[in-house]
Amino acid sequence: MAKRKGITVSRQLMDSQMLHPEATGELTGLLNELIVAGKIISAEVNMAGLADILGQSGKTNIQGEEVQKLDEFANQTIKRRMEQCGYICVMGSEEDDDIIGVLDGYEGKYTVAFDPLDGSSNIDVNVSIGTIFAIHKRKSKGKQGVREDLLQKGRDLIAAGYIIYGSSTMLVYTTGDGVHGFTLDPSVGEFFLSHPDITIPERSKYYSVNEAYEKYWHDNTRNYIEHLKELDYRGERCYSLRYIGSLVADFHRNLIKGGVFLYARDKKSTDKPDGKLRLLYEASPLAMVVEQAGGMAITDDGRRILDIEPTDLHQRVPLILGSREEVELALQYFAD
Ligand code: AHG
Ligand code: MN
Ligand code: MN
């Protein structure tokens, strides 16, 4: 069905549900609940500069990083909506060490892993941040879901996406039939289709990497970035560097404009031998989105992100993703 700019996200979800006669409406219901959570977080993010809620809360999360108040708000908001929505049986959040159950009697057939607020170091400086989510179908048969329901490969995702709180709030998601982008009109509280069938440009002119870590890079990262910096590999033009420090914002720009994002392993962090980013609620969902948009997502040893078998809720993974040509070029440097 041709997608018309301006339709609401609930209309689009309904339309695509009708294309699947076997659909029960539960996935639509679940996505709608996540969207409501996104709207609540968006309103709070927009108030953040006004209300006195900024600053550290003093706690640290499982990653040993400081948790800021908006992170907690986003985490609580999503958990509360999810635990009683009736569509999931278990969830996993960046901010919670362990898996999170749902209310008794509300067990459903899906699972959700999420990064409630990605880019938290940017919260108090008015720079884009976002919520990333990943949805699988449960595997276990009991009432409540278990850890194994969350530890599934990216290629088995049912839906994935993010809500970015930027100059406007946007929802970008896929259920495996392309990537759809909706922009929130805050005056009416609705997401309207603004970016139908997003495809990532095959070639790009941007790369996104934390270049301050250059002295800790392994040769493959250094050689690849040198290659991009010297001359465009087509011999036409040079690349520019864009690095925001919010994965979701760097990813979104690259998705729309074309670009490649890297967070590979380096020699600096012995406590983070697999880079910094998390597989289940950062790399995997964005890999599904980028592949659905025609791009690629790999590790720094050339494996496809979506094929990785997760072993831990919070496991980290070296990540290279973006436009097809630049990731294919990366394969020449990074494939084992
Ligand atoms: P989070 O705020 O959810 O902890 O994620 C921060 C991540 C990611 O958004 C970003 O790409 C990366 O940290 C930036 O890390 P560096 O400061 O090491 O470049
Ligand atoms: Mn994050
Ligand atoms: Mn986060």
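Under 13 Å from a point 7 Å along the Cα-to-Cβ line of Tyr106: which residues of segment 71-88 have their amide N that close?
76-88
Among Lys109/Lys141; Lys205/Lys272; Lys205/Lys229, which pairs are too far apart, with a Cα-Cα distance over 21 Å? Intermediate results must be reported in sequence, preceding the final value.
Working: Lys109/Lys141 9 Å; Lys205/Lys272 29 Å; Lys205/Lys229 10 Å.
Violating the 21 Å limit, Cα to Cα: Lys205/Lys272.
State the percent of C-alpha pairs, over all pairs in the chain, separated by a distance greater than 34 angstrom.
On the way: 11458 of 56280 pairs.
For the chain, the share of Cα pairs beyond 34 Å comes to 20 percent.
Helix-only mean residue ellipticity at 222 nm, the chain, DSSP H runs n ≥ 4 weighted -39,500 (n - 2.57), per residue, nearest 500. What is it? Spell out each step's value before the answer.
On the way: 8 runs with 94 residues, N = 336.
So the helix-based figure for the chain works out to -8500 deg cm²/dmol.
From the phi of every residue in segment 284-295, what ³J(HN,Hα) in whole Hz does the Karplus formula 6.51 cos²θ - 1.76 cosθ + 1.60 yield, where θ is phi - 60° and glycine or proline is x?
Rounded to whole hertz, the list is 4, x, 6, 5, 5, 4, 5, 5, 5, 8, x, x.
Would you mind telling me which residue in Ser167, Ser121, Ser208 has the biggest mean-square fluctuation in a Gaussian network model of the chain, where springs connect alpha carbons within a distance under 10 angstrom?
Of Ser167, Ser121, Ser208, the Gaussian network model singles out Ser167 as fluctuating most.
Check which residues have an amide H placed less than 5 Å from Asp266's amide H, if you skip close sequence neighbours.
Gly275
Once label points are set 7 Å from the Cα along Cα→Cβ at both Glu22 and Lys257, what is their separation, rounded to one decimal in nm?
With each label placed 7 Å out from Cα toward Cβ, I get 4.2 nm.
Kindly write out, for segment 80-95 in residue order, the coupling ³J(HN,Hα) from the Karplus curve 6.51 cos²θ - 1.76 cosθ + 1.60 (θ = phi - 60°), rounded to whole Hz, with x marking Gly and Pro.
Karplus-based 3J(HN,Hα) across segment 80-95 equals 5, 5, 6, 5, 10, 7, x, 10, 10, 10, 6, 9, x, 10, 4, 8 Hz.
What are the ³J(HN,Hα) values, in whole Hz, obtained from phi via the Karplus relation 6.51 cos²θ - 1.76 cosθ + 1.60 with θ = phi - 60°, for each residue of segment 106-120 in sequence order, with x given for Gly and Pro?
10, 6, x, 9, 10, 10, 10, 10, 8, 9, x, 8, 8, x, 5
Quick check: the distance between the Cα centres of segment 128-204 and segment 256-274, to the nearest angstrom?
With segment 128-204 and segment 256-274 each reduced to a Cα centre, they are spaced 22 Å.
Quick note: the coordinates plus some simple rules give every number you see, no bench work behind them. Remember, it's a predicted structure, so these values are computed and weren't measured experimentally. Cβ atoms come from the backbone with ideal geometry, glycine included; neighbour counts cover every protein chain shown.
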